[in-house]
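Written below as structure tokens is the structure these notes are about.
Read-outs: derived from the displayed coordinates by stated rules, not from any lab. What you see is a predicted model; the values in this text were computed from it and never measured. Cβ placement follows ideal geometry from the backbone for every residue including glycine, while neighbour counts extend to all protein chains displayed.
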Amino acid sequence: MSLYRETGVVLRTMRLGEADRIVTFLTSGRGKVRAVAKGVRKTKSRFGGRLEPLNHVSLLLYEGRELDVVTQAESIEQFRAVREDLDRLAKAQSLLEAADQVAQERHAAGRLYTMLLGALRALAAADSPLLVPAFFLKVLALEGFQPMLDGCAGCGSEAELVAFDVGEGGALCRTCAGRLSALALSADGLALVRRVLGGDLASCLREPPSRATAEVDRLATRTLEHHLERRLRSVNALDRA
């Protein structure tokens, strides 16, 4: 086995045996990595609380055949402002779950890692209604699923766009919206999606809650779930709260 260093964000953990855990990280250089943290559930564990979901950590690991082994973990950021606010913590769980589902094990995902870290830092600084949906839209674009927003995804028309269909992958004109199962999308909502994907993210995150932000939230979640072919448990738990 070879020894290597990495930095990563803890995405999730799972119990293993009586004292160990399997920890899933999104790392800067190796994408998603699953590793065993031995003895981490013991009171006197040398890892302390550093290997909990959401933590940004510096790691020393042994590379294993299936699972790596954590030998050292030092905290870089703990995002206390997020942990101490239940609403922000729920949003952070949505970010972590989305990153976990998109990332592939041992495949470099430097851009996704940077995006996740940036989103967590933004969430710690301010609780924006658009932060999670903007992250989802950016992840979809990163995966090559940029929605069609400049014309109707159903017929190609440049008529007024009034809805969005996840199956068609874009906005719809009034005629196509009437024959497809589409999400309502106002002009303000469409403008917000364009701004998020067009490089105006910082100002979008300052938008107050509104009908448009709610539309973008629903659109981004449904589109990502369609791409992943599964429901996001953290998002649905937040909706039920």
_Point-charge dipole on Cβ atoms (K/R +1, D/E -1) for the range 145-224, about Cα centre, debye to 20_ = 160 debye
*Can you give the extra length, in nm with one decimal, that the chain gains between residue 211 and residue 191 once fully stretched, where that is 0.36 nm per residue apart less the Cα-Cα distance?*
5.9 nm
*residue 3 label point, 7 Å along Cα→Cβ, cut-off 16 Å on backbone N: hits in the range 58-81?*
59-64, 69-74
*Label residue 145 and residue 78 with points 7 Å out from Cα along Cα→Cβ: what is the distance between them in nm?*
3.6 nm
*For the range 136-241, run through the GluC sites (Glu not before Pro) and keep only the ones in DSSP coil with at most 15 other Cβ atoms within 10 Å of their Cβ.*
143, 158, 160, 229
*For residue 3, what charge total do you get from the other residues with a beta carbon under 14 Å from its beta carbon, if Lys and Arg give +1 and Asp and Glu give -1?*
-1
*Give me the log10 of I(q) over I(0) for the range 116-241 at q = 0.13, 0.14, 0.20 Å⁻¹, as the Debye formula computes it from C-alpha points; what are the numbers?*
-0.50, -0.58, -1.18
*asked:* Out of all DSSP beta bridges in the chain, what portion is antiparallel? Express it as a percent rounded to 5.
replied: 90 percent
*asked:* For the pair residue 226/residue 19, report the inter-label distance in nm, with labels modelled 7 Å from Cα in the Cβ direction.
replied: 5.0 nm
*√(5λ) per eigenvalue of the Cα gyration tensor, the range 3-80, largest first, Å*: 17, 15, 11
_Qualifying GluC sites (Glu not before Pro) for the range 16-105 [loop in DSSP, other Cβ within 10 Å: at most 11]_ = 18, 66, 84
_Degrees, to the nearest 10: 211-228 long Cα axis against longest axis of the chain_ = 60 degrees
*Name the residues whose placed amide hydrogens come within less than 5 Å of the amide hydrogen of residue 154, ignoring near sequence neighbours (fewer than 5 apart) on the same chain.*
173
*For the chain, built as a Gaussian network whose Cα springs stay under 10 Å, the top-fluctuating residue of 37, 202, 103*: 202
*Starting from the Kirkwood radius over alpha-carbon pairs of the chain, derive D by Stokes-Einstein at 4 °C in a medium of 1.567 mPa s and give it in µm² s⁻¹.*
68 µm²/s
